[in-house]
1. I'm told Pro83 meets every condition in (1) surrounded by fewer than 16 Cβ atoms within 10 Å (Cβ to Cβ); (2) within 14 Å of the chain's Cα centre (by Cα); (3) in contact (Cβ under 8 Å) with a residue 12 or more places away in the chain except one. Can you identify the failing condition by its number?
2. Taking the condition closer than 29 Å to Gly145 by Cβ, basic (Lys, Arg) and part of a loop (DSSP other than H, G, I, E, B), does Arg99 pass?
3. Out of everything in segment 102-129 that is within 11 Å of Phe144 (Cβ to Cβ) and of a type in the set (S, T, N, Q), what residue ends up being surrounded by the fewest Cβ atoms within 10 Å (Cβ to Cβ)?
4. Can Pro88 be described as free of Cβ contacts under 8 Å to residues at least 60 places away in the same chain and closer than 30 Å to Lys118 by Cα?
5. Is it the case that some residue within segment 3-20 is at pLDDT 90 or above, over 30 Å from Glu123 (Cβ atoms) and either in a loop (DSSP other than H, G, I, E, B) or among the polar types (S, T, N, Q) (or both)?
6. Working only within segment 131-143, note down all residues that are within 11 Å of Val105 (Cβ to Cβ) and surrounded by fewer than 17 Cβ atoms within 10 Å (Cβ to Cβ).
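The values are calculated or read from the model by the stated rules, or taken from the named source; none is laboratory data. Small disclaimer: the values here were computed from a predicted structure and weren't measured. Don't worry about glycine lacking a Cβ; one is built from the backbone with ideal geometry, like all the others, and counts go over all protein chains shown.
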Amino acid sequence: MKQAALPFDSGTADLIRQRIAAFGLDLCHVEWKPGARATLTLYVDKQAGITLADCETASRAASEILDPLEETLPNYALEVSSPGLDRPLWTLADCARFRGRRVAVQLARKVDGAARLKGVLEEVQGDTLTVLDEDQHRRYTARFGDVRLARLVPEL
């Protein structure tokens with residue numbers, strides 16, 4: 001899934017990441033939705049899980065960096081959110097972090113006849129993922145670049 005380019009440079013995103021990290025929070029992903037009601041969404045996480053207070057803290061910290069840029073940025077609403085129990089795996093680092101967990105993966109192109117995989121994320125090596133598919137009872141290895149969407153499957 002292709003994302004719109006951020007309205008600021010990567011240095012600004014890095015400053016937000018560092019500022020939020022000072023509060024024990026990890027900035028997992030930044031999403032920009034342009035338009036008449038543009039939205040900048042920051043997805044934050046931490047090992048113990050995210051609270052509303054964490055989202056408020058992250059919002060204030062990000063605003064300290066973004067507010068001085070207000071004249072150069074389009075009008076937007078800032079949202080801060082947890083990635084959720086079924087969090088997307090946006091990067092290879094996310095995949096490595098959640099190795100051993102159940103995932104649902106949609107592929108842009110089929111691997112051994114399969115475009116959708118659901119099972120345990122067994123291996124992350126280089127730019128590839130290996131999933132032991134629970135329906136097909138077999139391993140599939142796909143390039144991360146061919147992953148359209150990968151999400152954790154909540155285990156409740």
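1. Unmet for Pro83, out of (1) surrounded by fewer than 16 Cβ atoms within 10 Å (Cβ to Cβ); (2) within 14 Å of the chain's Cα centre (by Cα); (3) in contact (Cβ under 8 Å) with a residue 12 or more places away in the chain: (1).
2. Working: closer than 29 Å to Gly145 by Cβ: yes; basic (Lys, Arg): yes; part of a loop (DSSP other than H, G, I, E, B): yes.
In short, yes.
3. Applying the filter and picking the extreme gives Gln125.
4. No.
5. yes
6. If the condition is that a residue be within 11 Å of Val105 (Cβ to Cβ) and surrounded by fewer than 17 Cβ atoms within 10 Å (Cβ to Cβ), then no residue fits.
Conditions tested, residue by residue: (1) surrounded by 15 or more Cβ atoms within 10 Å (Cβ to Cβ); (2) closer than 30 Å to Asp135 by Cβ.
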{"residue": "Leu40", "(1), (2)": "yes, no"}
{"residue": "Asp45", "(1), (2)": "yes, yes"}
{"residue": "Glu64", "(1), (2)": "no, no"}
{"residue": "Leu69", "(1), (2)": "no, no"}
{"residue": "Pro74", "(1), (2)": "no, no"}
{"residue": "Pro88", "(1), (2)": "yes, yes"}
